[in-house]
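The following block contains the structure, expressed as structure tokens.
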Amino acid sequence: MEIELLDNILEALLLVSGNALNVRELTEQLELQKSEMDGAIKRLKKKYGGQCGIQLLTYNGKIQFGSNPAYDDVVSGVLNPIKEKELSSAALETVAIIAYKQPVTRLEVEQIRGVNCDYAIQVLLKHNLIEVTGRKDVIGKPLLFGTTDSFLKRFQIEDISQLPDYDKLLESIRVIEGTGPAEEQSLYNEFEIPDEPLPEFLEGEENLQKVE
């Protein structure tokens, strides 16, 4: 397939889909060689890079069009009259621990942080940054948590294997979220627990607390 035609087809697919597309499946459906697809992705990343308002995101073997994070404040201000509050330092530290230790239980996260993490985990679940991946084969069968594709996309990590040094990850997450390294915030004052019932997978779990 001609280079220009391939690039145009990928652009059309990404635009119409609006969601992430699996690179391997695309390669097969378009009857391409892996090298052809890799070249097309590289060209599109260059085209939609720099100051361009649209960027090509690559993560977990998928590609997707997304907005340039440099313009997040403006975009949010226009599209969201009431801007969603940023994640606090406590939530950021929790998601960083889960990213490195996954699959990990709530108790294991709390042992590392030294504080109760019920609320932080509920916030991260609400924002689709973590998900339940199963249950640990120990007494009580506690839930295991891991990060989602939304985590990779939001923090601009292509694959979980590419996680940087823990401290660098935490710092980059704080910078992206706008909290800054020195700013300590109270998790319990930033978010309200939603009034809707708990998801089915949390029903019956012990020691889940809501902070008023």
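State the number of residues belonging to the stretch 157-193 that are loosely packed, with under 15 Cβ neighbours inside 10 Å, modelled with pLDDT under 80 and not in a helix (DSSP H, G or I).
10
Would you check if G66 is closer than 20 Å to D149 by Cα, small (G, A, S) and not in a loop (DSSP other than H, G, I, E, B)?
Working: closer than 20 Å to D149 by Cα: yes; small (G, A, S): yes; not in a loop (DSSP other than H, G, I, E, B): yes.
Against the criterion (closer than 20 Å to D149 by Cα, small (G, A, S) and not in a loop (DSSP other than H, G, I, E, B)), G66 qualifies.
Being in contact with a strand residue (DSSP E or B) (Cβ under 9 Å, 6 or more places away or on another chain), buried (at least 18 other Cβ atoms within 10 Å of the Cβ) and either part of a helix (DSSP H, G or I) or not hydroxyl-bearing (S, T, Y) (or both) is the filter here, so list the residues in the stretch 24-59 that pass it.
L26, L44, Q55, L56, L57
Further, regarding this structure: Looking at the stretch 9-23, which of the residues that are open to solvent by less than 40 Å² (accessible area, probe 1.4 Å) and under 23 Å from L163 (Cβ atoms) is modelled with the lowest pLDDT?
A20
Can I ask one more? When the stretch 132-156 is examined, which residues are found to be more than 14 Å from A96 (Cα to Cα), touching a helix residue (DSSP H, G or I) at 6+ places or on another chain (Cβ under 8 Å) and crowded, with 16+ Cβ neighbours inside 10 Å?
Across the stretch 132-156, the qualifying residues are P142, L143.
The values are calculated or read from the model by the stated rules, or taken from the named source; none is laboratory data. The structure presented is a predicted model; accordingly, all values stated were derived computationally and were not measured. Cβ coordinates were reconstructed from backbone atoms using ideal geometry, including for glycine residues, and neighbour counts include every protein chain displayed. Calculation scope for accessible area: heavy atoms of the full protein, side chains included, ligands and nucleic acids excluded. Shrake-Rupley method; radii C 1.70, N 1.55, O 1.52, S 1.80 Å.
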